[in-house]
Amino acid sequence: MAKERLSKITVEGADIHIIEFAEADFFSLTDIVKKYDDEQILYRWMRSRSTLEFLGVWEQVYNPDFNPTEFDRFRFESGLNTFSMSPKKWIEGTNAKGIISKSGRHGGGTYAHKDIALEFCSWI
């Protein structure tokens, strides 16, 4: 496993932690969501078909181990009222590399590659 380095930036008064993982910057989506005081924002974003399509394309371009079969199942189900998605479900189901879910008090949370984090910020 690649070594991680933790740093942070401050955006509009909010500290956003960044980890360097596999030679790329991953921004804390958990920190971004804290600014809005609504933990469900991330889950609503991940339920969206357009989000899943974006994530799927990103993974197909950058991740040779991506599971396109499970991605297609998620994309098909995304229009249903009963569909739910979490970072952990996405990572485990598709072998995603663009989103990282870490546990722990310091440095824990959901992190996304800078491309994905910027897409998340534009959605908010």
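Each value in this text was obtained by applying a stated rule to the coordinates, not by laboratory testing. It should be emphasised that the depicted structure is a prediction, and the values quoted were computed from it without experimental measurement. Glycine gets a Cβ as well: all are built from the backbone with ideal geometry, and neighbour counts include every protein chain shown.
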Open item on the list: Taking 0.36 nm per residue of sequence separation and subtracting the Cα-Cα distance, how much length would be gained by fully extending the chain between N81 and K114, in nm to one decimal?
Closed with: 8.9 nm
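Please get the size of the charge dipole for the chain, origin at its Cα centre, with Cβ charges of +1 on Lys and Arg and -1 on Asp and Glu, quoted in debye to the nearest 20.
240
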Task: region 50-108, relative contact order [Cα under 8 Å, separation at least 6], % - done: 36
Open item on the list: Can you compute the FRET efficiency between R73 and R44 using 1/(1 + (r/R0)^6), with r the Cβ-Cβ distance and R0 = 22 Å? Round to the nearest 0.05.
Closed with: 0.65
Task: Mean separation of Cα contacts under 8 Å (6+ apart) over length of the chain, as relative contact order % - done: 26
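To the nearest 0.05, how large is the calculated FRET efficiency for K35 and V57 if R₀ is 35 Å and r is the Cβ-Cβ distance?
Using R0 = 35 Å, I get an efficiency of 0.80.
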TODO: Can you pull the one-decimal nm distance between simple spin-label points at D25 and W123, each 7 Å off the Cα toward Cβ?
DONE: 2.1
Task: Residue among F54, G79, Y43 farthest towards the positive dipole end of region 33-124, charges placed on Cβ - done: Y43
TODO: Rounded to the nearest 0.05, what FRET efficiency do K89 and E12 give with R0 = 41 Å and r taken as the Cβ-Cβ distance? Could you check?
DONE: 0.85
Task: Most to least packed among 79-92, 52-65, 17-30 [average Cβ atoms within 10 Å] - done: 17-30, 52-65, 79-92
TODO: Using Cα positions and a limit of under 12 Å, work out the aspartates and glutamates in reach of K8, with same-chain residues fewer than 8 apart set aside.
DONE: E20, D25, D31
